[in-house]
1. If you scan segment 280-296, which residues turn out to be buried (at least 21 other Cβ atoms within 10 Å of the Cβ), at negative phi and not in a strand (DSSP E or B)?
2. So, in segment 30-46, of the ones that are assigned to a loop (DSSP other than H, G, I, E, B) and among the aliphatic types (A, V, I, L, M), which residue ends up surrounded by the fewest Cβ atoms within 10 Å (Cβ to Cβ)?
3. Pairs needed: first member in segment 327-346, part of a helix (DSSP H, G or I); second member anywhere, crowded, with 18+ Cβ neighbours inside 10 Å and among the β-branched types (Val, Ile, Thr); C-beta distance under 6 Å; at least 6 residues apart or different chains.
4. For LEU54, all conditions in the list (1) hydrophobic (A, V, I, L, M, F, W, C); (2) surrounded by 21 or more Cβ atoms within 10 Å (Cβ to Cβ); (3) at pLDDT below 95; (4) under 21 Å from the mean Cα position of the chain (by Cα) hold save one; what is the number of the exception?
5. Is at least one residue of segment 236-255 at pLDDT 95 or above, assigned to a loop (DSSP other than H, G, I, E, B) and loosely packed, with under 14 Cβ neighbours inside 10 Å?
6. Output the residue which, of all residues in segment 161-183 that are crowded, with 21+ Cβ neighbours inside 10 Å and not aliphatic (A, V, I, L, M), is nearest to TYR233 (Cα to Cα).
7. Which of the residues that make up segment 369-381 are under 23 Å from PHE227 (Cβ atoms) and either among the aliphatic types (A, V, I, L, M) or part of a helix (DSSP H, G or I) (or both)?
8. Wholly within segment 47-136, which strands (runs of 3 or more DSSP E) include no fewer than the required count, namely at least 1 residues that are more than 30 Å from GLU250 (Cα to Cα) and either touching a residue at least 12 places away in the same chain (Cβ under 8 Å) or among the acidic types (Asp, Glu) (or both)?
Amino acid sequence: MIGSRVAVVGGGIGGLAAAAFLHRGGVRSVVFEQAAELTEVGAGLVLAPNAVRLLRRIGVMDRLVGRAVPLDVGWEFRRWEDGQVLSAEDLAESCQQLYGERTYTVHRADLAQAIASAVPPGSLRLGKRCTSVEVFADAALLSFADGTSAEADVVVGADGVHSTVRGAVTEPVPPTYSGVCAFRGIVPTDRAPGFARRRAQTLWIGPAHHLVHYPISGGAAINLVAFAPAGDYAVESWSATASGAEFLAEFTGWDPRLRELILGVGTPGRWALLDRAPLRGWSAGPVTLLGDAAHPMFPFFAQGAAQSIEDAAVLARCLARAPSSPADALRRYESLRIGRTTRLQEVSHARAHVNHLPDGPEQEARDAALAQADPLVANGWIYAYDAEDEEIPSV
């Protein structure tokens, strides 16, 4: 029986969402998070309808009123050199009409805090860095850096791209060099140029680079993330930084309006995008993976957090449906999720090439296609999906 011993390793968005959905389904869990406190780690993210509809069901969207920004315009592609708009989507009305929800942008910390409020008090243990997972026939033992340990009937590894739990379910496969790195930062709105203050998600695309910005924190700040050739840079960490001069130099020759936006960042973060092939499976006995631990993906479709939330919803339903057979429930969870997440990993990977085409006939063909495209409709397979509509077979 599952009882009260479901251990979720990792207190990020995916781990907290797992605990919240498990609680809603009547399954008790404990989240073990290595940080001593939940702080403002990370920056902004996009909440598309497939995530929003799930978050609304656990009360999270109500808690984000005033902090999440409903977008009026999305997937606004601009030409790198002069800012010419190549394509843009009306999200103020069309998104709601098509998918029953708006698209929002939000600071990662605001979202984590809101999801945490849907987790029962006492279910979050901070300062618990998992160092190993020992798996038995129908249980597992977690060991932590502080010398303590915990037994669990089910272990959910929501511990990110550098997952410790992943080693309990699959052989380690080293990531490969992608050749791309990302710069990120947050600009206070009063220091941002007017074009960046709109309720819009804008992507400037050009040779070997692209840059994305949108408002967060109720419009008080602008989230900025940009992608460039990595050179020999291979550090994959949220805490690594670059200089403002390095960031600015990558966009020399681009529309001069971007200079003001980039200078507003101060000290930007910088991390390498390392490439990981989709896993063939991520569950073994009483242990499974969720979110980036299972299916890390490039951020070019803005679906990383959304897929973690979808995972959480499906996992909770599977475990609630089969409380006496957790290993079977985890296999069903994996089978329901792996096809969709693999497809998103693959299309996100391919998007880097499309965004970074050099000037020339291929880029001109891309721009012409963007002008005629409707990504809001074309990506309906992403946004219309409801993770709680999945039929879960009986054990």
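1. Passing the criteria: TRP282, PRO286, LEU290, ASP292, ALA293, ALA294, HIS295, PRO296.
2. Within segment 30-46, the match that is surrounded by the fewest Cβ atoms within 10 Å (Cβ to Cβ) is ALA36.
3. Correct list of pairs: LEU330/THR288; TYR333/VAL314; LEU336/VAL314; ARG337/VAL314.
4. (3)
5. yes
6. Filtering first and then ranking leaves CYS181.
7. Correct list: ALA369, LEU370, ALA371, ALA373, PRO375, LEU376, ALA378.
8. Once the strands (runs of 3 or more DSSP E) in segment 47-136 are filtered for at least 1 residues that are more than 30 Å from GLU250 (Cα to Cα) and either touching a residue at least 12 places away in the same chain (Cβ under 8 Å) or among the acidic types (Asp, Glu) (or both), what remains is 85-90, 124-126, 130-135.
The values are calculated or read from the model by the stated rules, or taken from the named source; none is laboratory data. Note that the structure is a prediction, hence the values are computed from the model and not measured. In this analysis, Cβ positions are derived from the backbone assuming ideal geometry, glycine residues included, and neighbour counts consider all displayed protein chains.
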